[in-house]
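**Student:** Have a look at the structure that comes next, please.
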Amino acid sequence: AGAVSDRHDWIKQKNEDLPLAGKAIHAEAKKTENGSLGAFVTTHHNKLHPDYEGIKYYVEKGYYPGYSIEFEGVDERETDDGRIINDLNLVGYGFANLRKIANPRAGL
């Protein structure tokens, strides 16, 4: 589940054969500034990806401020405040767009 996509391209295009934008090297759960747990992942970017230079620029300049996880919910429920996820199967993660990032503390 360490595969990194370019903004969920393989899901949007329904094509699992698209090249990986990177892969996870190391992941750990750590507390964030507000005391909740977050996943912190060291990612190796794929230099052979067709848009490597564009991805590199977006990461370095902060246009990709973090990641968005790709998962299948196993145990989840909706509440008035949003969705509570108790268990999931991690599929991978993708670069998050600056305007659409759900958790700005999910940093690169």
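**Student:** Scan the stretch 36-93 for residues that are among the polar types (S, T, N, Q) and either open to solvent by less than 40 Å² (accessible area, probe 1.4 Å) or under 22 Å from Ile25 (Cβ atoms) (or both) and jot them down.
**Tutor:** Hits for the stretch 36-93 are Thr42, Thr43, Asn46, Ser68, Asn89.
**Student:** Is there any pair linking a residue in the stretch 71-84 that is at pLDDT below 75 to one that is assigned to a strand (DSSP E or B), with Cβ under 8 Å and at least six apart or on different chains, and which?
**Tutor:** As it stands, the answer is Arg83/Glu76; Arg83/Arg77, since those pairs meet every condition given.
**Student:** Checking the condition in a strand (DSSP E or B), closer than 22 Å to Arg99 by Cβ and among the charged types (D, E, K, R), which residue from Arg77, Arg83 passes?
**Tutor:** Residue meeting the stated conditions: Arg83.
**Student:** Which residue, of Tyr67, Tyr57, is of a type in the set (Ser, Thr, Tyr) and either farther than 18 Å from Ala3 by Cα or in a loop (DSSP other than H, G, I, E, B) (or both)?
**Tutor:** Tyr57
**Student:** How many of the residues making up the stretch 12-29 are surrounded by fewer than 10 Cβ atoms within 10 Å (Cβ to Cβ) and part of a loop (DSSP other than H, G, I, E, B)?
**Tutor:** Number of matching residues: 4.
**Student:** For the stretch 30-54, what are the residues that are over 16 Å from the mean Cα position of the chain (by Cα) and either assigned to a loop (DSSP other than H, G, I, E, B) or of a type in the set (Asp, Glu) (or both)?
**Tutor:** Passing the criteria: Thr32, Glu33, Asn34, Gly35, Ser36, Lys47, Leu48, His49, Pro50, Asp51, Glu53.
The values are calculated or read from the model by the stated rules, or taken from the named source; none is laboratory data. Everything numeric in this text was worked out from a predicted model, so none of it was measured. In this analysis, Cβ positions are derived from the backbone assuming ideal geometry, glycine residues included, and neighbour counts consider all displayed protein chains. For accessibility, only protein heavy atoms count, side chains too; no ligands or nucleic acids. Shrake-Rupley method; radii C 1.70, N 1.55, O 1.52, S 1.80 Å.
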